[in-house]
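Structure, as structure tokens:
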Amino acid sequence: ATCEKDECSTDPCGSGQTCADPNPSPASLKDFTCTCDKDTSVTATGTAATCEIDECSMNPCGTGQSCNDPNLSYASQHDFVCTCDSDKSITKIDGPATCEKDECSTDPCGAGQTCADPNPSPASLKDFTCTCDKDASVMATGAAATCEVDECSMNPCGMGQSCEDPNTSYGSQHDFVCTCDSDKSITKIDGPATCEKDECSTDPCGAGQTCADPNPSPASLKDFTCTCDKDASVMATGTAATCEIDECSMNPCGMGQSCEYPR
């Protein structure tokens, strides 16, 4: 009797392979061949061929990620794993993982600057920009910008005082120092020092006059006034007043005599 048996009928090769039985006679067993569909040069006789396919070979994950194909058999596809280089806990099967990293999240620019990361991909690092809030034309890429602010530029100390800003960075404000020109030991941080000087303290008017200094600031000198005690209508500014006293006004010579006060 003719008892042919096609060994391929039981699909011994499996998925991704083509089976051929050249002699289906029961006297000729284990002579079927398995040929890989993706690579016909790979065959096996009497058993399934080894049709390995490394899905990572085409770099499906892209830059900044590693790829691992746990099973290279043709029957096991779409099982490759992408892992972020920047964070190994972030993975994805059968496609690139989402490994975005906003470099601005760690505040690399610091106070007084605005950070922008145009491309948060881990493959694009050090491309964030820092822009000075006070001057948008001053910026830097991949590092904090130099946003100098000289607080002395607006003359916050005023006349009669010198100003020094020890740290002109934007992050260090309100640290300028005012020093009195009249007394270098008198200073103040973040504001004008108290450098008052009462010009009347040296008695510039002299006896018989009253001195008044309306503004004891060292920026306002020679503004003291001298007023005659005997005649308040007689006064001078910045110098002693001329306080004439006519001694004859009280008739010190008496009757029968004339009095003359030489001027």
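The values are calculated or read from the model by the stated rules, or taken from the named source; none is laboratory data. What you are looking at is a predicted structure, and each value in this text was computed from that prediction instead of being measured. In this analysis, Cβ positions are derived from the backbone assuming ideal geometry, glycine residues included, and neighbour counts consider all displayed protein chains. Heads up: the accessible areas ignore ligands, DNA and RNA and are worked out on the full protein's heavy atoms, side chains in. Shrake-Rupley method; radii C 1.70, N 1.55, O 1.52, S 1.80 Å.
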* Identify all residues within segment 113-137 that are at pLDDT 85 or above, under 25 Å from V177 (Cβ atoms) and either touching a Lys or Arg at 6+ places or on another chain (Cβ under 7 Å) or open to solvent by 50 Å² or more (accessible area, probe 1.4 Å) (or both); write none if there are none. => D133
* Asked: T227 is checked against (1) of a type outside the set (D, E); (2) over 30 Å from A145 (Cβ atoms); (3) in a loop (DSSP other than H, G, I, E, B); (4) free of Cβ contacts under 8 Å to residues at least 40 places away in the same chain and fails just one. What number does that condition carry?
  -> (3)
* Members of segment 55-87 found to be assigned to a loop (DSSP other than H, G, I, E, B) and over 27 Å from S15 (Cβ atoms), listed by number -> G62, T63, G64, D85, S86, D87
* Which one of the conditions (1) modelled with pLDDT of 85 or more; (2) crowded, with 18+ Cβ neighbours inside 10 Å; (3) in contact with a Cys (Cβ under 6 Å, 6 or more places away or on another chain) does V177 fail to meet, given that it meets all the rest? -> (3)
* Is at least one residue of segment 195-210 open to solvent by less than 40 Å² (accessible area, probe 1.4 Å), of a type in the set (S, T, Y) and either more than 30 Å from D85 (Cα to Cα) or touching a Gly at 6+ places or on another chain (Cβ under 8 Å) (or both)? -> no
* **Among the candidates G171, G158, G191, residue that is modelled with pLDDT under 85, under 30 Å from C132 (Cβ atoms) and either within 36 Å of the chain's Cα centre (by Cα) or β-branched (V, I, T) (or both)** => G171
* Structure fact -> Subset of segment 18-30, residues out of contact with any helix residue (DSSP H, G or I) (no Cβ under 6 Å at 6 or more places or on another chain) and open to solvent by 30 Å² or more (accessible area, probe 1.4 Å), comes to T18, A20, P22, N23, P24, S25, P26, A27, L29, K30
